[in-house]
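*Asks:* I have a structure here, written as structure tokens, and I will follow up with some questions on it.
The values are calculated or read from the model by the stated rules, or taken from the named source; none is laboratory data. Computed from a predicted model, the values in this text were never measured in an experiment. Heads up, the Cβs are rebuilt from the backbone with ideal geometry, glycines too, and the neighbour counts pull from every protein chain shown.
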């Protein structure tokens, strides 16, 4: 996979336009790489964004609710460790959902890859860590101390894991396509009107 610097060099062109300043021009970088878009009807994309947004919000709320409970199982090191690690995955999952919901109809390649990485890896990691949490928690309930609060916490974590798997499946099932960006040709055709263009 290319680095962000390599992608930037490949997908952006430096353009200097006339401007009323000391230099007489201003510099801007124009995206010329391929556009990416989700290949569904606009109303279906909005529905998908709403679905993932609601699922992500419920997941976040339920996880916090379970994590702050004063329960024996939340203080057991074997249970607490994977649950704490899952917070990192949950944060990336939430960021990916926010980016996806805020994305325009077409986005840059780097933005598309960033959203895809977050919504394909983070939900799976979150689910796996919470299933481990639940497995260790069940062992704790059976052999150390059983309380209703601890059972509620573990049940909530399992539901959170299920929601993360749902988010992963919903995003993965979303078809996408790329489209050639014509801006480079347009700028080249206008090069006589621009004082300078560096590709």
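*Asks:* Might you let me know whether the stretch 89-106 holds any residue that is modelled with pLDDT of 95 or more and outside any helix (DSSP H, G or I)? So that I can check it myself, show each step before the final result.
*Replies:* Kept after step one, since they are modelled with pLDDT of 95 or more, are these residues of the stretch 89-106: 89-103.
Checking which are outside any helix (DSSP H, G or I) leaves us with 103.
So far as the stretch 89-106 goes, yes, one or more of its residues are modelled with pLDDT of 95 or more and outside any helix (DSSP H, G or I).
*Asks:* Next up: Report the residue count in the stretch 6-20 for those that are touching a strand residue (DSSP E or B) at 6+ places or on another chain (Cβ under 8 Å) and not in a helix (DSSP H, G or I).
*Replies:* Of the residues in the stretch 6-20, 8 are touching a strand residue (DSSP E or B) at 6+ places or on another chain (Cβ under 8 Å) and not in a helix (DSSP H, G or I).
*Asks:* Among the residues of the stretch 56-71, which ones are in a helix (DSSP H, G or I), in contact (Cβ under 8 Å) with a residue 24 or more places away in the chain and surrounded by fewer than 18 Cβ atoms within 10 Å (Cβ to Cβ)?
*Replies:* 58, 60, 62, 65
*Asks:* Of the conditions (1) loosely packed, with under 12 Cβ neighbours inside 10 Å; (2) touching a strand residue (DSSP E or B) at 6+ places or on another chain (Cβ under 9 Å), residue 77 clears all except one; give me its number.
*Replies:* Every listed condition holds for residue 77 apart from (2).
*Asks:* Tell me, please, whether a residue that is out of contact with any strand residue (DSSP E or B) (no Cβ under 9 Å at 6 or more places or on another chain), more than 20 Å from residue 65 (Cα to Cα) and in the same structural domain as residue 66 (by TED's automatic domain parsing) can be found in the stretch 108-116. Steps first, please.
*Replies:* Of the stretch 108-116, the ones out of contact with any strand residue (DSSP E or B) (no Cβ under 9 Å at 6 or more places or on another chain) are 110, 114.
Subsequent filtering for residues that are more than 20 Å from residue 65 (Cα to Cα) retains 110, 114.
Keeping just the survivors that are in the same structural domain as residue 66 (by TED's automatic domain parsing) gives 110, 114.
Yes: the stretch 108-116 contains one or more residues that are out of contact with any strand residue (DSSP E or B) (no Cβ under 9 Å at 6 or more places or on another chain), more than 20 Å from residue 65 (Cα to Cα) and in the same structural domain as residue 66 (by TED's automatic domain parsing).
*Asks:* What is the number of the single condition among (1) touching a helix residue (DSSP H, G or I) at 6+ places or on another chain (Cβ under 9 Å); (2) assigned by TED's automatic domain parsing to the domain that holds residue 116 that residue 61 does not meet?
*Replies:* Every condition holds for residue 61 apart from (1).
*Asks:* Residue 92: surrounded by 22 or more Cβ atoms within 10 Å (Cβ to Cβ), over 15 Å from residue 34 (Cβ atoms) and touching a helix residue (DSSP H, G or I) at 6+ places or on another chain (Cβ under 8 Å), yes or no?
*Replies:* Numbers: surrounded by 22 or more Cβ atoms within 10 Å (Cβ to Cβ): no; over 15 Å from residue 34 (Cβ atoms): yes; touching a helix residue (DSSP H, G or I) at 6+ places or on another chain (Cβ under 8 Å): yes.
Spelling it out, it is not the case that residue 92 is surrounded by 22 or more Cβ atoms within 10 Å (Cβ to Cβ), over 15 Å from residue 34 (Cβ atoms) and touching a helix residue (DSSP H, G or I) at 6+ places or on another chain (Cβ under 8 Å).
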